[in-house]
Amino acid sequence: MTSTLVNAQTIEEEVAKKSCECIQMKVSTYGQISKSETQKCVSKSGDEVLKSKDPQEVKRLTKNMEEVVERLKIIYKMVEKCLPKTDSN
């Protein structure tokens, strides 16, 4: 039963949530976050989420590069919402 509840969240949502937590921690510590630090948060979060999954599921999720790129686009769209606003907009 537990795995069903955990799987209700998409992989993209899981990675974005962890990424936003990482970003918020850095922003609260340093007052801002660079693009490279944002990318590090997303990369680290993706690694953590994939390591928590069944190896067969990871293989299925990562075997098609086009799908991986699409997933990353979705993740970055979600992560944009938790980035601090800048004056340049």
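The values are calculated or read from the model by the stated rules, or taken from the named source; none is laboratory data. Because the structure is a prediction, the values reported are computed rather than measured. Reconstructed Cβ throughout: ideal geometry from the backbone, glycine too, with neighbour counts over all protein chains shown.
Worth a mention:
- Test result for residue 69, touching a helix residue (DSSP H, G or I) at 6+ places or on another chain (Cβ under 6 Å) and aliphatic (A, V, I, L, M): no
- Check on residue 71, touching a residue at least 40 places away in the same chain (Cβ under 8 Å), part of a helix (DSSP H, G or I) and of a type in the set (D, E, K, R): yes
- Among the residues listed as 21, 12, 57, 48, the single one being surrounded by 15 or more Cβ atoms within 10 Å (Cβ to Cβ) and either modelled with pLDDT under 95 or within 16 Å of the chain's Cα centre (by Cα) (or both): 12
- The one condition in (1) surrounded by 11 or more Cβ atoms within 10 Å (Cβ to Cβ); (2) within 22 Å of residue 9 (Cα to Cα); (3) hydrophobic (A, V, I, L, M, F, W, C) that residue 27 fails to fulfil: (2)
- Failed item in (1) at pLDDT below 95; (2) surrounded by fewer than 17 Cβ atoms within 10 Å (Cβ to Cβ), with residue 33 passing the rest: (2)
- Top-ranked residue in the stretch 60-83 [being closer than 17 Å to residue 24 by Cβ and not charged (D, E, K, R); ranked as surrounded by the most Cβ atoms within 10 Å (Cβ to Cβ)]: 75
- In the stretch 52-67, the residues that are in contact (Cβ under 8 Å) with a residue 40 or more places away in the chain reach residues that are surrounded by 10 or more Cβ atoms within 10 Å (Cβ to Cβ) and not aliphatic (A, V, I, L, M) with C-beta atoms within less than 8 angstrom, at least six apart or across chains, in these pairs: 61/53; 61/67; 61/71.
- Selected residue (only one of 53, 44, 59 is farther than 14 Å from residue 84 by Cα and part of a loop (DSSP other than H, G, I, E, B)): 53
- Selection status of residue 6, in a helix (DSSP H, G or I), of a type outside the set (D, E, K, R), in contact with a Pro (Cβ under 9 Å, 6 or more places away or on another chain) and modelled with pLDDT under 95: no
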